[in-house]
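Notes for the one structure printed next.
The values are calculated or read from the model by the stated rules, or taken from the named source; none is laboratory data. Owing to the predicted nature of the structure, the values given are computational and were not obtained by experimental measurement. Here the Cβ positions follow ideal geometry from the backbone for every residue, glycine too, while neighbour counts run over all protein chains shown.
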Amino acid sequence: MLKRLIAVSALALTLVTGATFAAEMAAGTVAEVNTETREVTLDDGKVFVLGDSVDIETVKAGSTVELTYDMMDGKMVVTEAAVK
C-alpha cells in the first residue's frame, strides 16, 4: 500500500510540475512593438511581453514570427522568438 501511495504521489507531482512549466506557441504577423514596455502585439490582437532572453531588435512590425512563451502572472512572456 505504501509503495502504491508513493508511486501515485510521484506521478501526480510529475504531472503538476510538467503542466506548470509547459511552454506554449503562437505565430502571426507583428502589428506593433513597444520598446519601452517590451510588448509585442500580433495582428490578432494578442499582446506578449518579450523576456530578457529575447533580443527586441529582431522583432519588428510587419515581420512574421513564431513565439514560444510561458504564462507568468497572467501575462504571456516570450522566451524564444523566431522571425520567419
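Yes or no, residue by residue, for (1) in contact (Cβ under 8 Å) with a residue 40 or more places away in the chain; (2) surrounded by 12 or more Cβ atoms within 10 Å (Cβ to Cβ); (3) assigned to a strand (DSSP E or B):
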residue	(1), (2), (3)
33	no, yes, yes
36	no, no, no
41	no, yes, yes
44	no, no, no
62	no, no, no
65	no, yes, yes
69	yes, yes, yes
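Taking residue 63 as the residue in question, decide whether it is more than 12 Å from residue 28 (Cβ to Cβ) and of a type in the set (Gly, Ala, Ser).
No: the conditions fail for residue 63.
Just to be sure, is residue 33 modelled with pLDDT under 95 and not hydroxyl-bearing (Ser, Thr, Tyr)?
The answer is no for residue 33.
Could you grab me the full set of residues in segment 72-82 that are in contact (Cβ under 8 Å) with a residue 12 or more places away in the chain and either more than 17 Å from residue 45 (Cβ to Cβ) or not hydrophobic (A, V, I, L, M, F, W, C) (or both)?
75, 77, 79, 80, 81, 82
More than 23 Å from residue 22 (Cα to Cα), among the polar types (S, T, N, Q) and loosely packed, with under 12 Cβ neighbours inside 10 Å, is that true of residue 58?
no
For segment 39-56, which residues satisfy the criterion of being under 13 Å from residue 71 (Cα atoms) and either of a type in the set (Val, Ile, Thr) or modelled with pLDDT under 95 (or both)?
Selection gives 47, 49.
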